[in-house]
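Below is one structure; the comments refer to it alone.
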Amino acid sequence: MRAGLIYGVSLGPGDADLITLKGLKTLQQADKIYYPGSLFKDGRKSSYSLSILNQYDLDEEKLQGFYLKMDLERVQAKAIYETAFQQILTDYNRGLSIAIVSEGDISTFSSFSYLLEKIQAYKLNVNLIPGISSYLHLASESKIPLCLQNEKVVVIPRVQTQGELQEAIDNFDTVVLMKIKSVMDSITTVIDSKNHSITYAERLGTDKQFITNDWVIANQREIPYFSLMIIKKTNK
């Protein structure tokens, strides 16, 4: 029996055309494709990755989802990752070519990384295919350079305190904030329109994409999970 092979495939931020050629070819040739999704308290399931995969005319029988609860508790997540990995391991031992996908980049805030830890522990053959992160897409859409010459950039998920955000703004030229839904109050307290330019975005690359440079407008919206912002100093 031929040896199995696992690929971690980055899908990009949402626009189906922003996958790499290598990533798309891998999906087309894979025997099985695993994708992450969200499991809500009411039992509803949703997968941003699946919404991208559905645009590639792939064989639906190859697709297998694993769904994680939308909270910070890791007990359920660990169990789901273990169950998904055991399924992947079974496919691998059958000699299948397996793709595990993630929106954005496979190595940036990706559920794949938790599976990668298990894959490496078993010394399985694995290749990672990089992709475009949402903040890179936002910089392109906004036509704003993230950094020039010696400028410094920091990426912070779910900034914990006003002090943490203020320290980042004081010490970096560009601050990228991700997973901002639960921390809007902290951001509002620190943002200074006279000294900072902001670019807020949600659902990039989809038909619901929204971008604004007005924090007042952004702060009035119902913030979805797939939202982020870029803060730059204007008084250097």
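Of the numbered criteria (1) touching a Lys or Arg at 6+ places or on another chain (Cβ under 6 Å); (2) within 16 Å of residue 179 (Cβ to Cβ), the one residue 62 fails is (2). Of the helices (runs of 4 or more DSSP H) lying entirely inside the range 1-109, those carrying at least 1 residues that are in contact with an Asp or Glu (Cβ under 6 Å, 6 or more places away or on another chain) are 48-53. Within the range 110-157, the only residue that satisfies the criterion of being under 13 Å from the mean Cα position of the chain (by Cα), surrounded by fewer than 16 Cβ atoms within 10 Å (Cβ to Cβ) and either within 29 Å of residue 189 (Cβ to Cβ) or basic (Lys, Arg) (or both) is 157. Take the conditions among the hydroxyl-bearing types (Ser, Thr, Tyr), over 18 Å from residue 15 (Cα atoms), surrounded by fewer than 18 Cβ atoms within 10 Å (Cβ to Cβ) and modelled with pLDDT of 95 or more and apply them to residue 161. Does it pass? Here the answer is no, as residue 161 does not meet what is asked.
Condition first: in contact (Cβ under 8 Å) with a residue 40 or more places away in the chain, surrounded by 14 or more Cβ atoms within 10 Å (Cβ to Cβ) and under 20 Å from the mean Cα position of the chain (by Cα). Now tell me which residues in the range 176-210 satisfy that. Listed by number, the residues that qualify are 176, 177, 178, 179, 180, 199, 201, 203, 204, 205, 206, 209.
Just one of 48, 35 is surrounded by 19 or more Cβ atoms within 10 Å (Cβ to Cβ), touching a helix residue (DSSP H, G or I) at 6+ places or on another chain (Cβ under 6 Å) and of a type outside the set (A, V, I, L, M); which is it? Quick ask: steps written out before the conclusion?
Details: 48 fails: touching a helix residue (DSSP H, G or I) at 6+ places or on another chain (Cβ under 6 Å).
Unique residue meeting the criteria: 35.
The values are calculated or read from the model by the stated rules, or taken from the named source; none is laboratory data. Everything quoted here is computed from the prediction, not taken from an experiment. So basically every Cβ, Gly included, is an ideal-geometry build from the backbone, and we count neighbours across all protein chains shown.
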